[in-house]
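Here is the structure we will look at, set down as structure tokens.
The values are calculated or read from the model by the stated rules, or taken from the named source; none is laboratory data. What you see is a predicted model, and the numbers here were worked out from it, not measured in a lab. With ideal geometry, Cβ positions are generated from the backbone for all residues, glycine too; neighbour counts draw on all protein chains shown. Note: areas computed on protein heavy atoms with side chains; ligands, DNA, RNA excluded. Shrake-Rupley method; radii C 1.70, N 1.55, O 1.52, S 1.80 Å.
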Amino acid sequence: DATTSVDGKPSSWPFQGNFQQLKALKGLHPNLKVLMSLGGWTWSKYFSDAALTPASRAKLVSSCIDLFIKGNLADTPPGTGAGVFDGFDIDWEWPGSDGNVGNIVRPEDKQNFTKLLAEFRRQLDALGRGYLLTAFLPAAPAKIDAGFEVSKIFRSLDWGTAHDVVVDGNRI
């Protein structure tokens, strides 16, 4: 309702909830950029499958763009959610090496991560608006060596973060 909304206006069908509130926040702060983060520690299990072939990469990226950039949300008129997101943050933990237990890991993940980023960049650039592409990257040398072609991925990325992984008080 209006008392709990970002802009003091109630949301209504067909555009409600978190996406509507993010769009309202962007209305109050026109320079704000909102990215959809894909993956994460517990949501990276199938990235290896999605990045495996040119067709699977194209399908993943197209689906993400249709939903989050073009705003074609289920059970709403086409484009209802357009304008909420300004790009994507790819958080595949971790290509080519163990991340969360159960993640699918393949030797070719390192190269396929680079190709997946290139596919995101290609499809985002085809939209012509300057959409952002970022990635959450490790700082641990073993994870970087196993899963990232550092000299190539920044051809596709606008920005990348890095962090240390700490387990039981030990930096790995």
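Observations on the structure shown:
- For the range 101-149, the equivalent ellipsoid built from the Cα gyration tensor has semi-axes of 25, 12, 9 Å, listed from largest to smallest.
- Cα point-scatterer Debye curve for the chain, base-10 log of I(q)/I(0) at q = 0.14 Å⁻¹: -0.80
- Summed over the residues of the chain and divided among them, the accessible surface reaches 54 Å² per residue at a probe radius of 1.4 Å.
- Annotation: peptides 5-15, 84-94, 61-71, ranked by per-residue average of other Cβ atoms within 10 Å with the highest first, follow the order 84-94, 61-71, 5-15.
- Taking amide H positions as modeled 1.01 Å from N, with prolines and chain starts lacking one, the residues under 5 Å from S37 and 5 or more places away or on another chain are D89.
- Over all pairs of different C-alpha atoms, the range 54-139 has a mean inverse distance whose reciprocal, the Kirkwood radius, equals 14.1 Å.
- Computed [θ] at 222 nm, deg cm²/dmol, the chain (DSSP H ≥ 4; -39,500 (n - 2.57); rounded to nearest 500): -9500 deg cm²/dmol
- Treating r as the C-beta distance of K9 and K152 and R0 as 30 Å, the FRET efficiency rounds to 0.10.
- Were the residues from A58 through D75 laid out at 0.36 nm apart, the gain over their Cα-Cα distance would be 3.7 nm.
- Extension reserve of the T161-L132 stretch, reckoned as 0.36 nm per residue once the Cα distance is removed: 9.1 nm
- Unit Cα scatterers, Debye sum, the range 1-80: log10 I(q)/I(0) for q = 0.16, 0.20 Å⁻¹: -0.78, -1.01
- Carbon/sulfur fraction of accessible area - the chain, other protein chains in place, 1.4 Å, %: 57
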